[in-house]
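The values are calculated or read from the model by the stated rules, or taken from the named source; none is laboratory data. All figures in this text were calculated on a predicted structure; none of them were measured in a lab. Positions of Cβ are generated from backbone atoms using ideal geometry, with glycine treated the same way; all protein chains shown enter the neighbour counts.
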Amino acid sequence: MSARAHSIDGRTFAFTAPLSAAVPISAYVSIVVDEHTYLGQVLEVTVDTGSPAPAGSPVARHVSGRGRLLTSGSPAFGDGAVTAADSKSVAEHLASTLGSNSAIELGRLQAPTEVAAQLLAKGFGRHTFMCGQSGSGKTYTLGVILERMLLDTDIQIAVIDPNSDYVNLGSVMPEKATRLPVDEYRSLAARYEAVAPRVQVFGGEGSEDRLQALFGRLPFRQQTTVLGLDPLTDAEEFNAFTRIVRNLDTEEYSLDDVMAAIRLTFDDDARRLGLRIENLGIQDQSIWAGTDEPMMRRLSDDWRMLIADTGSLPSAAEASVASAALLTVLWERRRERRPMIIVIDEAHNVCPQNPQDANQALATETVVKIAGEGRKFGLFLLLSTQRPSKVHQSVISQCDNLLLMKMNSVADLRSLSETFSYAPTGLIELAAGFGLGEGLAAGKIAPDPLMFKSGTRLTLEGGSDVSSSWARGR
């Protein structure tokens, strides 16, 4: 006995099947009606236990489910035979959804495994939310996406990298270090090496390009945030700072210039301001450009990817200031209308629901603005996190794409299902059973909800876990 399906609207179908012919959720199926074959995807499956079974016999009787018809112009039908779709039919369907748009090859489908899992590059013109617990392969998979973005699109990409995971995106691994077939590796490597010089990494001390900002080029509000000045509770020092920077008569001043002006001012309020800066050690932070050019001015005219390696900065406070400064600059440049993807890794630490300090609050406020208004200026977010419940809800709610890796938390999966209603609940629930590198892609980036297994990177993943050699047998 085979699985049987019917459709009352020509767009969706329902089916029933005995356990021996059960159709798994997310599977592509062929539905044969008379002499016609229609392609569909199963999005919901329920095991029907039926009436109580005799002792010793299986409890479950059959399965039933629903899905979406993918063949254009499918009619309503009363009865059709359901079988697993062959890989050629699935590949042709997915290729037809691309049209003239570029594809981002993510890896392979979980089933059928012979078919490439491709994302719609144009879909990243909406905000994207990526999440997965530690050890799910999320960082590696995001690296695959960023590599393919460089290869197959022209968009600029700015990455906030708090764990130094993406610092090697500007150089290709040696052939022997990859798992790619030789011909495929050489073809991709040649293309990648052509664009790699346009990847610029900015980091802490010892980096070829320093992650630095000119204090005077920060918005006035961020300057006072860095100094911890409140216009009401610190009224005298706030006023002294306002007068000092106004008298500098330029926006090209450094924190050293501010301190020099304070020393020339015989004013108690200015003296207290100077003590504040010295006591907090703000002037000694490595992120301030003195005579050096700030980061954004050292970008080449044709840059493709900017990586802010905040993980190489000596303190969380400096990383927070640097993240807020970069996000503010990108937002202020929005009227240039140059399409850009802003990648924020560990987003729960950059734009959390409950900011822990003033700089984090400023970064969060800026990300919320980009989430709400950035698309009309060509600014698109790609947020990655292992703590989805900790990311600001005003940001998550604006995301039209979901990339979900392994996630065990029932509460997180339930919340994701409610927020990303375009992703079938049954598919989201499967995330608890995903293996390394397996995931779900849904939204504008995917022609259908895609269950994928991520592909192989060309560049070396940065960062590293602590060695587990302590667990080796003796």
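Do you know which residues across segment 173-195 are more than 13 Å from T459 (Cβ to Cβ) and among the hydroxyl-bearing types (S, T, Y)?
The answer is S187, and nothing else.
For segment 180-264, which fully contained helices (runs of 4 or more DSSP H) count at least 1 residues that are assigned by TED's automatic domain parsing to the domain that holds V144 and in contact (Cβ under 8 Å) with a residue 12 or more places away in the chain?
Fully inside segment 180-264 and qualifying: 182-195.
For a quick check of your reading: which strands (runs of 3 or more DSSP E) sit entirely within segment 1-44 and have at least 1 residues that are small (G, A, S) and touching a residue at least 60 places away in the same chain (Cβ under 8 Å)?
Strands (runs of 3 or more DSSP E) meeting the threshold: 3-7, 12-18.
Within segment 319-343, track down each residue that is of a type outside the set (A, V, I, L, M, F, W, C) and either over 20 Å from D357 (Cα atoms) or without any contact (Cβ under 8 Å) to a residue 40 or more places away in the chain (or both).
E332, R333, R334, R335, E336, R337, R338, P339 - these are the residues of segment 319-343 that are of a type outside the set (A, V, I, L, M, F, W, C) and either over 20 Å from D357 (Cα atoms) or without any contact (Cβ under 8 Å) to a residue 40 or more places away in the chain (or both).
Can we say L151 is under 22 Å from I307 (Cβ atoms) and assigned by TED's automatic domain parsing to the domain that holds P339?
Yes.
Applying the selection to segment 257-277, what residues are touching a Leu at 6+ places or on another chain (Cβ under 7 Å) and surrounded by fewer than 19 Cβ atoms within 10 Å (Cβ to Cβ)?
Within segment 257-277, D257, A261, R276 meet the criteria.
N168: outside any helix (DSSP H, G or I), buried (at least 16 other Cβ atoms within 10 Å of the Cβ) and under 24 Å from the mean Cα position of the chain (by Cα), yes or no?
Answer is yes for this residue.
It is to be established whether one or more residues within segment 241-249 are crowded, with 19+ Cβ neighbours inside 10 Å, modelled with pLDDT of 90 or more and more than 20 Å from T328 (Cβ to Cβ).
yes
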